[in-house]
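Rule-based calculations on the coordinates, nothing more; no lab input. Remember, predicted model here, so these are calculated numbers, not experimental data. Cβ placement follows ideal geometry from the backbone for every residue including glycine, while neighbour counts extend to all protein chains displayed.
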Amino acid sequence: MTYHEQPDDGERKTENGQPVPDNGQRATDHGQPDNGKQETDNGQRRTGNWKRILSKAFDIFCTVFLWIFGLVVLYVLLLFTVFDTFHVPTESMTPTLHPGDRGIINKLKLGGRVFDPYACAAGEPYEVKRMPGYGKLESGDVIVFNAPFTDSWDSVAMNMRMYYCKRAVAVAGDTLEIRNGHYRVRGLDREFGVKREQELVGRYIRDYIRETPDSVPVPGWMLCNPQDSTFNWTLADMGPMLIPGKGSQIKLDYHNTILYRKYIAWETGKPVEWRDSNATIGGKTAKSYTFTENYCFAAGDHAIDSQDSRYWGLLPEKFIVGVTTIFGRLPWE
């Protein structure tokens, strides 16, 4: 059988010899235009458009999420290392700070603290380390710190639930005393805190003692730490007292054992007692002790009504969050 090639005149024909309509559409078996292909193409284009839109939206979402996440991480890092905020709830720092005042805590001066807050809150062993700072604590600095006690003033512990804002009146290495209500640091001829407030304390206690019979005991709120008959220190007259620093060595006689025992117990983790005319640390006799931590004496400027180092004792520097730099009410408050 011989096949003859039909001439291609550019026109396609159906089986019955009818020409195929040349309008961009293929004919169906019944000779009707095939719109399914066009609808499929249009559907694919619409699907492609949606995919591009969704892909672009997803890219924008990821970008925004990463920016927000990065800013949150940066903010948290800054809170740990550079600054924090505080709010003043009481009048203990008036007239310097008033209830409702807010401020910024500078952590760069002393260096941000790094420790396990969960272990601290649970009473488990923990270690506080500081990042490098550009300075050191100075007399007169206004500081924010964790309260150095939990259930009792007879022991030292960092309280994660309670914070104070006070003035560092004396720092490690200073010798502090209170005379007639005024704070004095040996070798420094200057006022610490608010002079007028301290004068009110001295005058009030002088008047109270003068007008009260000797048979009436001094009320507890007038007594300074340690509340021991060996000292009989009051808000008007206290000290002299060495503020220990790292490397400070003291002789453990009866006076110093009573005065510093809770700080030695905190540093060593061992009980400190006076037994048979000797100091004992963990049951072993000790003639002297060298401190491993820095301390400060923190007091409120409103001296007549401030719970501070006069009552609960010295503050370990490790408990200090930072030094305040900016304070006052917000514009809308």
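General observations
- Going from the fewest other Cβ atoms within 10 Å to the most, the residues PHE192, PHE297 appear in the order PHE192, PHE297.
- Between the amide H of GLY322 and those of VAL144, distances stay under 5 Å, these residues lying 5 or more places away or on another chain, with hydrogens modeled in the peptide plane.
- Extension gain, HIS87 to GLU191, is 34.8 nm, computed as 0.36 nm per intervening residue step minus the present C-alpha separation.
- Working note: Karplus 6.51/-1.76/1.60 with θ = phi - 60° gives the stretch 191-208 the couplings 8, 10, x, 10, 4, 4, 5, 5, 4, 4, 4, x, 5, 4, 5, 4, 5, 5 Hz, where Gly and Pro are set to x.
- As a calculated quantity, the FRET efficiency between GLN227 and ASP151 at R0 = 25 Å, using C-beta atoms, amounts to about 0.90.
- When both the stretch 98-152 and the stretch 249-304 are represented by their alpha-carbon centers, they are found 22 Å apart.
- Spacing of the two label points (7 Å from each Cα toward its C-beta) at LYS251 and LYS284, in nm: 2.3
- Reachable lysines from LYS51, criterion Cα separation under 24 angstrom, eight or more residues apart if same chain: LYS37
- ALA119-LYS51 FRET efficiency (beta carbon distance; Förster radius 41 Å; 0.05 resolution): 0.20
- Long-range HN-HN contacts of ALA170 with modeled amide H, under 5 Å: PHE297
- Annotation: extensible slack from ARG179 through ILE68 equals 34.4 nm (criterion: 0.36 nm per residue apart, minus Cα-Cα distance).
- Packing-based ranking, highest mean first, of 272-280, 125-133 given that Cβ atoms within 10 Å are counted: 272-280, 125-133
- Pairs from the table (LYS129/LYS195; LYS166/LYS251; LYS166/LYS262; LYS195/LYS246; LYS246/LYS270; LYS136/LYS287) lying more than 28 angstrom apart at Cα are LYS129/LYS195; LYS166/LYS251; LYS195/LYS246; LYS136/LYS287.
- Treating r as the C-beta distance of THR268 and THR212 and R0 as 45 Å, the FRET efficiency rounds to 0.65.
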